[in-house]
Amino acid sequence: MKKLVCLIGVMMVLVGCKPPPQTLSVVGNTWLGYQPYYVEQILHPEAIPANIHITMLTSDVSVVRMVANGAAQAALLSLDNALSLQTRTDLKLCIAQVINSSHGADAIYAPPGFDINDRQQPWVVGMEDSALARYLLARWMRLHDIPERQVRREIILPNQHAIAYAAGATDIFVTYAPFSQKLASMGAEQIFSSREIPGEIIDTLVVKQESWQQHQAALKRLTGPVWDKALTAALDPQHPYYQALQTLSGINAEELRQSLASLSLYNSAASRTFLQQDYARVQQQVSEQLVASGIHQVITPLPICEGVL
């Protein structure tokens, strides 16, 4: 229990520290689906392969920047963010794991009674500067026939969404769990979610192909037995890992339950099954939507890492 009491302080150290030389650095944002990895490193760092270091960052912007500039060799990213990164760089990434699919955990929130047609001037949309946020907003607008003139985008980090909502200067928020629970607890209402676009938003672990070759054995252990153990513990309400998720997310037990219900977390066997049976279709679907949404003109495919299947 002492470790749980000190969790936030340890997490702050974890975010700021640098991995030792010759270590494969894995970075991810604060998305709930990634947090079993963070909790495992905090509570049982000895279980993480010695040459792998996992860091939680504040946003996808920071994650993409660290991978793009070579400070990290692997990243926890939604598939659309990963495909976008693959397309605009020469990093040569591959997908090592499917972590979860979103069934409502990625969403758009607005004040109670919101009506897009209530006024003539554009509505201010607070959103992270990421492919995922742009993708979700574009899908909402396309599915509900919302013209571009009715929205004005404003870059706001997810951990600032609740503050911006309280200030009333921003009308709409493109967000995700656990930040969406904060908005809901303040009275905001969900007007769109990934539940309306099933199968389009999945989260992954992607790795530079040369790093995969170098660290394949350690990464297979991380994405296999280490992940399975952490995931099983994190989904047990009676386990200290579950309490750690609450602390790390800053939400209560009921909010955590609701958040977990809005996504499907995959163990290592389910990840391999998805990659074998569904990945090609979903990658094609997401690629087409990224092009249709105007984010890219053409998409560079993201292959499955050699030896994963």
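In table form, for the structure just shown:
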quantity	calculated
Any hit, segment 199-221, residues being without any contact (Cβ under 8 Å) to a residue 40 or more places away in the chain and in contact with a Phe, Trp or Tyr (Cβ under 7 Å, 6 or more places away or on another chain)	no
Every residue from segment 1-42 that is over 16 Å from Ala230 (Cα atoms) and at pLDDT 95 or above	Leu24, Ser25, Val26, Val27, Gly28
First in segment 273-297 and among the β-branched types (Val, Ile, Thr), second anywhere and open to solvent by 60 Å² or more (accessible area, probe 1.4 Å), Cβ under 6 Å, 6 or more apart	Ile295/Arg134
Residues located in segment 148-185, provided they are farther than 23 Å from Gln35 by Cβ and part of a strand (DSSP E or B)	Val151, Arg152, Arg153, Glu154, Ile155, Ile172
Of all residues making up segment 43-55, the number that are more than 13 Å from Lys229 (Cα to Cα), in contact with a helix residue (DSSP H, G or I) (Cβ under 9 Å, 6 or more places away or on another chain) and open to solvent by 20 Å² or more (accessible area, probe 1.4 Å)	3
Residues of segment 183-198 that turn out to be under 15 Å from Gly126 (Cα atoms), touching a Pro at 6+ places or on another chain (Cβ under 7 Å) and not acidic (Asp, Glu), as a count	1
Qualifying residue in segment 186-196 (condition: among the small types (Gly, Ala, Ser) and assigned to a helix (DSSP H, G or I))	yes
Neighbours by Cβ (under 8 Å, 6+ apart or cross-chain): first from segment 117-134, modelled with pLDDT of 85 or more; second part of a loop (DSSP other than H, G, I, E, B) and of a type in the set (A, V, I, L, M, F, W, C)	Trp123/Ile116; Val124/Ala169; Gly126/Ile156; Met127/Ile156; Glu128/Ile156; Glu128/Leu157; Leu132/Ile201; Arg134/Ile295
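The values are calculated or read from the model by the stated rules, or taken from the named source; none is laboratory data. Since the model is a prediction, treat every value here as computed from it, not as a measurement. FYI the Cβ positions are ideal-geometry reconstructions off the backbone, even for glycines, and counts take in every protein chain you see. Just so you know, the surface numbers come from the protein's heavy atoms only, side chains and all, with ligands and any DNA or RNA stripped out. Shrake-Rupley method; radii C 1.70, N 1.55, O 1.52, S 1.80 Å.
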